[in-house]
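Here is the structure we will look at.
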Amino acid sequence: MIRLGGDAKLDRTAILRWLQGAFAKPAYRAKRRIVRFRQHSDYKRFLHEWSELNAPPASRNTIRHLPAIEAFSLLLSDEEAAARHHQSIWIEDDPLVTVHATIHKPASREKGIPWGVGQIRAPQAWSTTTGHRIKVGVIDTGVDFSHPDLKHSLGRGINLLNRGSLPHDDNGHGTHIAGTIAAANQLRGMIGVAPRATVYPVKAFDQHGSAFVSDIILGIDWCVRNRMDIINMSFGMKTRSKSLLSAVTSAYNAGVIIIASSGNDGKRKSIDYPARYSQTISVAATNRMRRIALFSNRGAYIDVFAPGDKILSAWLNGKYNEMSGTSMATSHVSGAVALLLAHRPNLSPAEIKAILRRSMIPLRGTKAPRLTGELDVMRMLQAADR
């Protein structure tokens, strides 16, 4: 194994040979990891040499370039990854992340306003704001472009798993999220929280609802470069990722509002990442009774609660499904923030979080109602105007 340490200057030839060796390892001996450069100058020099590397086409498909965090994701064995004690690079796992939803079941056609949209008082705001021209990037499983309730609500987006294709949904979760945010078919179907906002599906998750952190980082980067106003992140993981935090921080510093779900483990003092990062708006779930849903993670890290229990929304093949999860709560908040941004377009992510936190209504059945509460769109808009 080549040592990658010692000198203050990066031995780029050593790393190129190391990467070539990593390409040749059998997949069963390796797992996906992120290799990140500590110095910008080393990254730029390496990027130039890597672009000229005469690697086999299969190798180039194996490695993922993550320009937003000056890193690469590739398959490395434990032995190769052990070479992390050096000055020029660091290595961390590139784990799988899963979407945040519990059991779903088919539902009959929804007409009009779903209960969650009504509970947060979105319809009362539509005479003032409908989310017009607000762009919401939904990093998820894609979307059903043919769904009649979504055909006026979608931008093209991107498919990170198959760059040549539209981000078609082969799971259903992303379509459900998009419906709650911006469905717009009130006469014949359902209507979402912000019916004139535009959802841009960013397909990073496969048909099983799983994605690597590196796919999510690429999705965040796409959202920033394509000037999304909001990123909906209805997924999470238990472990902290420096690489994901770096991408989230870059988006936050660019003025993008990131809304993330807390997780469905019923934990009382802990939530999943990326919702646990302070740069996100973290969302937990309530039921029709304005009580915390049993499955929802909760605690001091939560910024706001929203409806997430037995939420009916759009599904594959033009159908509808009922789902429960903090994913569903997060899509309500993304829609609400779209309404707010259309009304007050120059608010920063920090200002929006502060407005949400001071305009919530108390939860039922909680011992500390003042610490957190449920989303209320009308109170949110009033707080923004004060």
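Taken together, the values in this text are just the output of simple stated rules run on the coordinates, not laboratory data. All values derive from a computational prediction rather than experimental measurement. Cβ: placed from backbone, ideal geometry, glycine included. Neighbour counts: every protein chain shown.
Please give the length that would be gained between E79 and D385 if that part of the chain were fully extended, namely 0.36 nm times their separation in residues minus their C-alpha to C-alpha distance (nm, one decimal).
The span from E79 to D385 would gain 104.4 nm if fully extended.
First select every other residue whose beta carbon is under 14 angstrom from the beta carbon of M228; then total the charges, Lys and Arg +1, Asp and Glu -1.
So the surrounding residues net to +2.
Post the alpha-carbon centroid distance, the range 321-386 to the range 108-129, in whole angstrom.
15
At a Cα cut-off below 17 Å, give the lysines reachable from K151, other chains included and same-chain residues fewer than 8 away excluded.
Leaving aside lysines fewer than 8 places away in the same chain, those within reach of K151 are K111, K135, K319.
Return the long-range amide H neighbours of I89 (sequence gap of 5 or more, or a different chain), with a cut-off of under 5 Å between placed amide H atoms.
It is R38, by chain and number.
Can you list the DSSP H helices in the chain whose Cα atoms extend at least 15 Å along the helix axis and whose mean Kyte-Doolittle hydropathy is 0.5 or higher?
213-225, 326-343
Need one number: nm distance between label points at R357 and L96, each 7 Å from Cα along Cα→Cβ, rounded to one decimal.
Once both label points are built, they end up 3.6 nm from each other.
Hey, got the dipole for the range 279-326? About the Cα centre, +1 on K and R Cβ, -1 on D and E Cβ, debye to the nearest 20?
160
Which of the listed residues, P67, S241, P307, is farthest toward the dipole's positive end in the chain, when Lys, Arg count +1 and Asp, Glu count -1 at the beta-carbon?
Working it through, the farthest residue towards the positive pole turns out to be P307.
When averaged across all projection directions, what area in nm² does the alpha-carbon convex hull of the chain cover?
The directionally averaged projection comes out at 19.1 nm².
What is the sum of charges around P345, taking Lys and Arg as +1, Asp and Glu as -1, for the other residues whose C-beta is under 15 Å from the C-beta of P345?
The answer is +2.
Go ahead and set up a Gaussian network model of the chain, Cα springs under 10 Å, then flag whichever of V136, V97, V337 fluctuates most.
V97
Beta carbons within 10 angstrom, averaged per residue: use that to sort the peptides 313-320, 351-358, highest first.
313-320, 351-358
Could you give me the ³J(HN,Hα) list for the range 230-238, computed from phi with Karplus coefficients 6.51, -1.76, 1.60 and θ = phi - 60°, whole Hz, x at Gly and Pro?
9, 10, 8, 10, 8, 7, x, 8, 7
Give the aspartates and glutamates reachable from K353 as a straight Cα distance under 16 Å; neighbours fewer than 8 places away on the same chain don't count.
Filter leaves D229, D303, E374, D376, D385.
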